[in-house]
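No value in this document is a laboratory result; all are computed from the given coordinates. This structure is a prediction, so every number in the text was calculated from the model and none was measured. No Cβ is skipped: glycine too gets one built from the backbone with ideal geometry, and neighbour counts run over all protein chains shown.
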Amino acid sequence: MPRTRMVLTGLAASLAVALSACAGTPNSDGAYPDDDITFIVQAAAGGGSDLTSRALAAELEPILGTSIVVENRPGASGSTAMQYVADQRPDGYTIGFSPVEVSMLGHQDFDVDPADYDFLGQVMHAPGVLSVPSDSPYRTLQEFLDAAKNRELSVSNAGAGSIWEATTLGLAQRAGAKLAPVPFDGGSPAVAAAVGRQVDAAVAGAGETMSAYREGQLRPLAIFHHERHPQMPDVPTAAEAGHDLEFGGWGGIYAPAGLPDDVRETLESAIKRAAQTDTFIKAISTPGNLPVYRSAAEFTSFVNSEHARFGKLLGGS
């Protein structure tokens with residue numbers, strides 16, 4: 001082979017390798033992020049946390065210029081995932097979905113402390129809904145509670161220590177009813193248990209309940225929110241049903257505490273942009289969740305206030 005052709009062939013091969021290397025790294029200049037980001041979800045696939053996380057990850061990928069790998073780590077009311085996130089290096093390559101339970105579990109003997117995280121922004125809210133199977137004899141919340149004064153009724157939830165267990169216990173205490181919480185690894189399995197008549201009722205987020213409601217598999221008796229849900233206009237609020245209680249599952253994004261300033265600012269900005277896209281808002285609103293955005297500073301303050309509130313409600317420190 002002539003020397004000129006050999007040189008050109010070698011240059012072409014080198015260029016191909018270089019282009020391949022560039023294609024495999026989102027930022028060839030070494031700026032964050034220059035590798036995939038793992039997104040930890042504390043609940044099983046199919047629930048509100050999972051759907052929200054995957055919708056947000058899809059919006060974050062083009063903004064950050066890297067792949068977002070969603071990983072479900074359900075178990076122990078979400079504490080398995082929360083502890084995992086807290087234990088990772090604070091380099092921005094592990095983030096997670098932060099549910100309301102991050103402000104609750106530390107008051108219930110779980111090793112979860114909001115101080116172990118950098119909170120990067122709130123992205124949604126899911127009002128709680130109490131539902132019964134479609135063929136249940138109970139047609140109103142009061143009928144359900146009256147029956148539970150005479151015999152214990154089972155109510156599925158997203159896990160021991162979860163916001164939906166707290167909702168069930170709070171309702172039982174307020175109404176003087178016998179309600180037995182039955183834990184599952186996430187809201188979606190809890191709803192499925194009610195659809196399958198394994199339990200008398202379920203308490204889950206509006207987004208997790210919506211599909212079964214639309215398909216006529218569940219009959220919602222009340223929503224624990226200050227107003228009716230726009231996609232469940234026939235479902236009364238708990239206050240309208242005679243029990244003025246509000247419980248909801250908010251969610252946002254967090255990372256291990258101690259992120260470098262530039263990494264934290266990059267993530268905060270990206271999450272803000274992603275959470276306000278029409279695609280994300282539609283993705284979480286369609287199944288029934290409510291889009292709510294709080295900045296990193298606002299979300300951090302909110303989490304701390306919720307932590308103090310649940311400390312009083314749950315008898316913690």
Legend entry - Shape call, the stretch 258-309: gyration tensor on alpha carbons, a/c limit 1.5: oblate
Inset, instruction - Give me Ile63, Ile40 ranked fewest to most by other Cβ atoms within 10 Å of their Cβ, as a rough exposure proxy. - result: Ile63, Ile40
Inset, instruction - Could you pull out every one of the lysines with an alpha carbon less than 26 Å from that of Lys149, ignoring same-chain neighbours closer than 8 positions? - result: Lys178
Inset, instruction - Among (i) 95, 43, 29; (ii) 63, 49, 35; (iii) 53, 49, 40, find the value of Cα extents along the principal axes in Å that was calculated from the structure presented, and write down its label. - result: (i)
Inset, instruction - Note down the nm distance, to one decimal, between modelled labels 7 Å out along Cα→Cβ at Asn304 and at Glu240. - result: 3.8
Legend entry - Given the chain, longest segment not containing exposed loop trypsin sites (Lys or Arg not before Pro) (DSSP; at most 16 other Cβ within 10 Å): 1-138
Legend entry - Total formal charge among the other residues, if their Cβ is under 14 angstrom from that of Ser49, Lys/Arg +1 and Asp/Glu -1: -3
Inset, instruction - Determine the gain in length on full extension of the stretch Lys178-Val69; use 0.36 nm per residue of separation and subtract their C-alpha separation, reporting nm with one decimal. - result: 35.0 nm
Legend entry - Lys/Arg +1, Asp/Glu -1 at C-beta; the chain dipole; positive extreme among Gly315, Ile223, Ser211: Ser211
Inset, instruction - Write out the GluC sites (Glu not before Pro) in the stretch 129-228 meeting two conditions: DSSP loop, and at most 14 other Cβ atoms within 10 Å of their Cβ. - result: Glu152, Glu215, Glu227
Inset, instruction - Quick one: which residues, 5+ away or cross-chain, put their amide H under 5 Å from the amide H of Asp118? H built at 1.01 Å from N. - result: Ala255, Ala257, Gly258
Inset, instruction - Can you check how the C-alpha radius of gyration of the stretch 158-317 compares to 2.2 N^0.38 Å, as a plain ratio? - result: 1.15
